[in-house]
Amino acid sequence: MEFFDLKKQYELIEPSIQNRINAVLRHQKFIMGPEIAELEEHLSSFVGCNFCVSCSSGTDALLMGLMAFGIGPGDAVFTTPFTFFATAEVISFVGATPIFVDIEEDTFNIDPNKLEEAICDMQKGIQPVPGISKRLNPKAVIAVDLFGLPSKYEQINRIGRQYDLVILEDAAQSFGGTLGGKRVGSLTDMAATSFFPAKPLGCYGDGGAIFTDDEALAEQLRSLREHGKGIYKYDNIRIGINGRLDTIQAAVLLGKLEVFASELARRQEIAGFYSETLADFVKVPRIPEGFRSAWAQYSVLTDKREYFIERLKEAGIPFAVYYPKPLHLQTALSHLGYRKGDFPVSESVSERIFSLPMHPYLEREEQIKIVNAIK
Ligand SMILES: *Cc1c(COP(=O)(O)O)cnc(C)c1O
């Protein structure tokens, strides 16, 4: 049994993937070939937003998002400490300061009430980051859709408007999820997703994309991903990066899009089975009304994690712990001066959480074996 299984998917779509990759090998336009525009069109219409700018990874998608918003030294970006490191890494990378806000235990996502409190505290002059004494300008929020579930954007967008902050959605895990019938990618000012192989929509290497309805932002993002180009390649009007998606990866994604909708439905079905059968043994994910997760991961809470992990190991069932260490306790961010106890929900969740195998090709037989091991 695999924690996620890309081989079964490949068996299903092999001819289509090979044809598309072969087409790239024949036309040889490895950088910004025609598959890039084709993919961006597909993705923006799937999401229901005006512009998609593909790029080299989810991390670079977040980075270019912050750059396009003009965020840099002296700026504060509110985010969650319970996420993959890249979310806060890019904030520090552009010279801005991450301000952590604790999560809700039910959704694992940033708590909008605590977000508003943190912003108000800052306006009152309360120093939000223990290790930073200079005054920071609150500029943005990066909300993360952890494990595939969109954050509470109705509240978060309202907060953004009220306090004049831009909202960047870290949708690395949630591509395909929805909120109020609208797809992830169309919920905020800008969204960044990842096509890392293990994400709900993955390519065969690194890849990512940024979504926005704002034409000027999209134009800047296209410039940023090619060394800040202006009207042509050797006209450089800003500092950018080499942030392009490879044509071959775009070809792979076009092949994978053919089965993506049915894969999302399968993930939903498997999550439903887990939740029905496991609710008496562990705390299963609660999906709020109107939300739909892309089910990148199926994660549960328990006070007896070690015990359950031993049972899974005995049964030969793979598992994972996302994430064992919240970001405010990471060595690389120790200069921020946060301490254990600062974000009790994130800390407690990191000690009680584990994730079960989740991929669209997990057979019912395997699901029953997993459920029985937990029971
Ligand atoms: C995977 C991930 C990223 C980074 O994506 P890459 O494509 O690996 O750079 C960022 N944020 C979150 C929440 C992720 O899960």
Which number do you get for Rg(Cα) / (2.2 N^0.38 Å) in the chain? 0.99
Please list 3J(HN,Hα) in residue order for segment 9-18, calculated via the Karplus relation 6.51 cos²θ - 1.76 cosθ + 1.60 where θ = phi - 60°; whole Hz, with x for glycine and proline. 4, 4, 4, 6, 10, 3, x, 5, 5, 5
Cross-link candidates for residue 229: which aspartates and glutamates have Cα within less than 17 Å, leaving aside residues fewer than 8 places away along the same chain? 60, 215, 219
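Which net charge results for the neighbourhood of residue 159, defined as the other residues with beta-carbon distances under 13 angstrom from its beta-carbon, given Lys and Arg at +1 and Asp and Glu at -1? Walk me through the numbers on the way to the answer.
Values: positive: 114, 152, 158, 161; negative: 111, 116, 117, 154, 164, 189.
Counting the neighbours of residue 159, the net charge comes to -2.
Sort 295-303, 23-31, 188-196 by packing, meaning the average of other beta carbons within 10 Å per residue, with the highest value first. Write out the running numbers ahead of the final one.
Numbers: 295-303: 21.8, 23-31: 11.9, 188-196: 27.6.
Order by mean packing, descending: 188-196, 295-303, 23-31.
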Cα-based reach from residue 369 at 16 Å (exclusive), listing lysines while leaving out same-chain residues under 8 positions away: 313
From phi via Karplus (6.51, -1.76, 1.60), per-residue ³J(HN,Hα) for segment 216-227 in Hz, x at Gly/Pro: 5, 5, 4, 4, 5, 5, 5, 5, 4, 6, 10, 6
Sorted by chain and number, the residues with a modelled amide H under 5 Å from that of residue 49, at a separation of 5 or more or across chains, are none
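Tell me the trypsin sites (Lys or Arg not before Pro) within segment 220-283 that lie in a loop according to DSSP and have at most 13 other beta-carbon atoms within 10 Å. Before the final figure, lay out the partial values.
Numbers: sites: 222, 225, 229, 233, 238, 244, 256, 266, 267, 283; in loops: 225, 233, 238, 244.
Of the trypsin sites (Lys or Arg not before Pro), the ones in loops of segment 220-283 whose Cβ has at most 13 other Cβ atoms within 10 Å are 233, 238.
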What whole number of Å gives the distance from the Cα centroid of segment 305-365 to the Cα centroid of segment 173-222? 25 Å
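Where does each of 35, 89 land when they are ranked from fewest to most other beta-carbon atoms within 10 angstrom? Walk me through the intermediate numbers first.
Details: 35 25, 89 17.
Result, fewest neighbours first: 89, 35.
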Set of lysines near residue 256 by C-alpha distance (under 25 Å), chain-local residues within fewer than 8 positions excluded: 7, 8, 29, 182, 199
Just rank 151, 348, fewest to most, by other beta-carbon atoms within 10 angstrom. 348, 151
In order through segment 84-92: 3J(HN,Hα) via Karplus (6.51 cos²θ - 1.76 cosθ + 1.60), integer Hz, x for Gly, Pro: 6, 3, 3, 4, 8, 4, 5, 4, 5
Which residue, 357, 98, 288, tops the fluctuation ranking in a GNM of the chain built on C-alpha contacts under 10 Å? 288
Inter-probe distance in nm under a simple model that places probes 7 Å from Cα toward Cβ, at residue 11 and residue 182: 4.1 nm
The residues 335, 227, sorted from fewest to most surrounding Cβ atoms within 10 Å, come out as 335, 227
Skipping prolines and chain starts, which residues have an amide H placed within reach, meaning under 5 Å, of the one on residue 75, given they are 5 or more residues away or on another chain? 97, 137
log10 of Debye I(q)/I(0), alpha-carbon scatterers only, for segment 260-374 at 0.12, 0.20, 0.22 Å⁻¹: -0.50, -1.10, -1.23
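May I ask you to derive the FRET efficiency for residue 331 and residue 351 from their Cβ-Cβ distance with R0 = 25 Å, giving the value to the nearest 0.05? Before the final figure, lay out the partial values.
Working: r = 19 Å, r/R0 = 0.75.
The computed FRET efficiency comes out at 0.85.
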Whole-number value, in Å³ per residue, for the convex hull of the alpha carbons of segment 68-163 is 102 Å³
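Each reported figure results from applying straightforward, stated rules to the coordinates on display, with no laboratory input. None of the values given here were measured: they were computed from a predicted structure. When we count neighbours, we look across all protein chains shown, and the Cβ atoms used for this are built from the backbone with ideal geometry, even at glycine.
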